Amino acid sequence: MGILNVTPDSFSDGGDTLDAAQAIAAGRQMIADGAGILDIGGESTRPGAEPVSSEDEQRRVLPVIAGLIGCNVPLSVDTRNAGTMAAALDAGAAIVNDVSALSHDPAAAPLIADRGCPVVLMHMRGTPATMQAHAAYDDVAGEVLAELATRIAAAQAAGIDLLQIAIDPGIGFAKTSEHNIILLQRLPILLGLGCRIVVGVSRKRFIGTLASVADPKQRMPGSIAAGLFALSQGASVLRVHDVAATVQAVRVWQRLAG
């Protein structure tokens, strides 16, 4: 899953593809490099990020979705807002990726149920602006498991088919570096929830901490190492910035792993 941030303030690539034409070109390159899904977002969810209105989100992402329709990969919209979800699905997006696991907007779960589209439910506590104040766990893997189970149950209660739900443990969202490490090591316990697992480790701060690399754009090797580890622990989808390098690494890893 290639990350396409149409934002001025994302943690590692804010402003790189804020212009719609740049974003469309970057998305096409990701597809050429082997991305199987493009995840298009118009609101930064980095720690401390301020919220963006649904109108501003739509102004950013809808032209990019329109420009990438027909590129033969499913498009995902990365949003917490039901209005943006609806507009993006109307424009041709096929998947919704919600960092709040459909808890931010009361209209989101009924919308997804009505549309019958796949949805990614990510674990987070609080909001992007407050989440790091909530990074306190007695058992991070067990608590993430329980909290994701609650969100899956809420989605099913709203009429969303379990087969349409994927889950994301939310690496870096309301979690310290040590929490991220433990969560990846214990990722297999999430398989019991019956959903595919999406993992986003690309360029995250804990990679920089482990490798002593301050610049997020210089964290590609560490990101690939963490991504391959996540696949070995049961992840089905990697959400990445550096598509070509990750695809090459995954192909070699898959062949060696049989």
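For the reader, a short list of remarks on this structure follows.
- Residues in the range 34-47 that are in contact with an Asp or Glu (Cβ under 9 Å, 6 or more places away or on another chain) and not in a loop (DSSP other than H, G, I, E, B): Asp39, Ile40, Gly41.
- Filter result for the condition that a residue is among the hydroxyl-bearing types (Ser, Thr, Tyr), surrounded by fewer than 22 Cβ atoms within 10 Å (Cβ to Cβ) and under 16 Å from the mean Cα position of the chain (by Cα), over Ser177, Ser236: Ser236
- Residue check: Arg46 meets all listed conditions (1) touching a Phe, Trp or Tyr at 6+ places or on another chain (Cβ under 7 Å); (2) more than 29 Å from Gln22 (Cα to Cα); (3) not hydroxyl-bearing (Ser, Thr, Tyr) but one, namely (2).
- Residue identified as within 25 Å of Ala86 (Cα to Cα) and over 19 Å from the mean Cα position of the chain (by Cα) among Ala166, Ala157, Ala136, Ala109: Ala157
Let's see how each residue does on (1) surrounded by fewer than 21 Cβ atoms within 10 Å (Cβ to Cβ); (2) without any contact (Cβ under 8 Å) to a residue 24 or more places away in the chain; (3) assigned to a loop (DSSP other than H, G, I, E, B); (4) touching a strand residue (DSSP E or B) at 6+ places or on another chain (Cβ under 8 Å):
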{"site": "Ile3", "(1), (2), (3), (4)": "no, no, no, yes"}
{"site": "Ala23", "(1), (2), (3), (4)": "no, no, no, yes"}
{"site": "Ala49", "(1), (2), (3), (4)": "yes, no, yes, no"}
{"site": "Arg59", "(1), (2), (3), (4)": "yes, yes, no, no"}
{"site": "Thr84", "(1), (2), (3), (4)": "no, no, no, yes"}
{"site": "Ala93", "(1), (2), (3), (4)": "no, no, yes, yes"}
{"site": "His104", "(1), (2), (3), (4)": "yes, no, yes, yes"}
{"site": "Ala113", "(1), (2), (3), (4)": "yes, no, no, no"}
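- Scan of the range 131-184 for residues that are small (Gly, Ala, Ser) and part of a loop (DSSP other than H, G, I, E, B), ordered by number: Ala135, Ala136, Ala158, Gly159, Gly170, Gly172, Ala174
- Test: Ala133 is of a type in the set (A, V, I, L, M, F, W, C) and surrounded by 17 or more Cβ atoms within 10 Å (Cβ to Cβ): no
Every number in this text was worked out from the coordinates using simple rules, so none of it is lab data. Being a predicted model, the structure only gives us computed values, none of them experimental. FYI the Cβ positions are ideal-geometry reconstructions off the backbone, even for glycines, and counts take in every protein chain you see.
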